[in-house]
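All remarks here apply to the structure that follows.
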Amino acid sequence: MTEFTYLQVAKDEQIGMVKLNRPHVLNALNREMVREIIAALEQLDRDDEIRIMMISGNGRAFAAGADIEEMAYDHAIQMELMNQFADWDRLFLLKKPLIGAVHGFVLGGGFELALACDVLFAAEGTQFGFPEVNLGVMPGAGGTQLLTKQMGKKKALEWLFSGAMMSAKEAKAGGFLNRVIAPELLMEEAYNFAKTIAQKPPLSIRLIKEAVNKAVDYSLYEGMQYERKNFYLLFASEDQKEGMKAFIEKRTPHFKGS
Ligand code: CO8
């Protein structure tokens, strides 16, 4: 396997395991880390020894979102030209199942990564949320589309408008979380599930995944393009500058609606 700066990647029999490993900032996803996550998963997806993939995080969070410090001073046109989140689309082209085992904070881009998993397990005490609204922006890597498709419009809007954190119990009731597990058993239970699926016929698993994705993904692509333009556009606003600056300066933001 390639060496990664922000990830630990391992192969255990037929299971490929990716661990986000930037714990001092709660696995905040900087651009290089996002590139690495996609590269690692694609590498495992192409690996004939691997039948199923798992993703989890080291430290006290799965991931507390995109790296705010890195993007706080970005501009809309620069973001449009870089179009960094376009790489994210490749997560939806993975052919093998991706099992998420999440804990702690699962926020913003971290929540989007969790929603992109095919099956999701969470430790008791996990907190999910889209706090982007508190920073003067909005989800930009599929959050509005995935949460709405997986939870329904009204429930999704409650969380997206408020930026509040939802418990694992609420997430399970919302329909996008498969199991809530005692923290000390999370990895073991996710691993055992992966092992069971790894024993199934790989072609059946691949075609089941493909068929289910056809059922739920219709028009997702268009929705994500629209969302992305709006996300980039918000970087032309004063409230985005204020929201992110206030986060960095550890003070309450003052939004003006401009
Ligand atoms: N970006 C950068 N640094 C972060 C982030 C982040 N998202 N989250 C936490 N950190 C850092 C903190 O600044 C802190 O660093 P330091 O020790 O140097 O001060 C360290 O991690 C620990 O965090 P806290 O001290 O704040 O820990 P608390 O337990 O007090 O609070 C929270 C935990 C509530 C999770 C808090 O850290 C927080 O609110 N974090 C920001 C959450 C957030 O707003 N996330 C959304 C980001 S925007 C986004 O995700 C847009 C998605 C677009 C697509 C992305 C594709 C990749």
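Going by accessible surface with a 1.4 Å probe and the largest first, Met138, Met244, Met187 read Met187, Met138, Met244.
If a spin label sat at a point 7 angstrom from the Cα of His75 along the line to its beta carbon, the backbone N atoms of region 195-233 nearer than 15 Å would be those of 233.
Only Cα pairs under 8 Å and 6+ residues apart enter the sum, and on that basis the relative contact order of region 137-234 stands at 45 percent.
When all protein chains stay in place and ligands, DNA and RNA are ignored, the 1.4 Å accessible-area order of Glu3, Glu13, Glu188, largest first, is Glu3, Glu13, Glu188. Distance between the C-alpha centres of region 82-104 and region 106-125: 11 Å, rounded to the whole angstrom. The listed residues Phe193, Phe247 rank as Phe247, Phe193 when sorted by accessible area, largest first, using a 1.4 Å probe. Dividing the summed -39500 (n - 2.57) terms of all DSSP H runs of n ≥ 4 by the residue count of the chain sets its mean residue ellipticity at 222 nm at -13500 deg cm²/dmol. Taking the centroid of alpha carbons for each part, region 19-62 and region 205-244 are 20 Å apart. Where in region 1-19 is the amide nitrogen less than 20 Å from a point lying 7 Å along the Cα-to-Cβ axis of Arg31? 4-7, by backbone N distance to the label point. Only protein atoms count toward the accessible area here, which uses a 1.4 Å probe; on region 119-174, the carbon and sulfur part of that area reaches 58 percent. Once all protein chains are placed together, Leu233 keeps about 120 Å² accessible to a 1.4 angstrom probe.
The peptide list 124-136, 33-45, 150-162, put in order of mean Cβ contacts within 10 Å with the highest first, becomes 124-136, 33-45, 150-162. All other residues whose Cβ lies under 15 angstrom from that of Met79 are scored, Lys and Arg at +1 and Asp and Glu at -1, for a net of -3. With both labels modelled 7 Å from their Cα along Cα-to-Cβ, the Leu233 to Ala86 distance reads 2.0 nm. Ordering Pro253, Val102, Phe121 by Cα displacement along the dipole of the chain toward the positive end leaves Phe121 in first place; charges were set at the Cβ atoms of Lys, Arg (+1) and Asp, Glu (-1). Summing charges over all other residues whose Cβ lies under 14 Å from the Cβ of Leu203, with Lys and Arg as +1 and Asp and Glu as -1, gives +4. In the chain, the longest principal axis of the Cα atoms and the axis of helix 238-248 are about 60 degrees apart.
Decide, for region 1-128, between rounded, prolate and oblate: order the square roots of the alpha carbon gyration tensor eigenvalues as a ≥ b ≥ c, take rounded if a/c falls under 1.5, and otherwise choose prolate if a/b is larger than b/c, else oblate. The shape class here is oblate.
Using the 1.4 Å probe convention, the accessible area of region 70-155 works out to 36 Å² per residue with neighbouring protein chains retained. Structure note, pairs Lys11/Lys96; Lys149/Lys256; Lys95/Lys229; Lys96/Lys200; Lys95/Lys155: Cα-Cα distances above 20 angstrom occur for Lys149/Lys256; Lys95/Lys229; Lys95/Lys155. When only Cα pairs below 8 angstrom with a gap of at least 6 residues are kept, the chain shows a relative contact order of 19 percent.
Taking every DSSP bridge with both residues inside the chain, close to 30 percent are antiparallel. Taken about its Cα centre, the chain carries a charge dipole of roughly 640 debye when the Cβ of each Lys and Arg holds +1 and the Cβ of each Asp and Glu holds -1. Each 5 Å bin from 0 upward holds the following percent of the Cα-Cα pairs of region 123-258: 2, 9, 13, 15, 16, 16, 13, 8, 4, 3, 1, 0. Over all other residues within a Cβ to Cβ distance under 15 Å of Gly104, the charged ones net out to +1, with Lys and Arg as +1 and Asp and Glu as -1.
The values are calculated or read from the model by the stated rules, or taken from the named source; none is laboratory data. Remember, it's a predicted structure, so these values are computed and weren't measured experimentally. No Cβ is skipped: glycine too gets one built from the backbone with ideal geometry, and neighbour counts run over all protein chains shown. Surface accessibility is based on the protein's heavy atoms, side chains included, excluding ligands, DNA and RNA. Shrake-Rupley method; radii C 1.70, N 1.55, O 1.52, S 1.80 Å.
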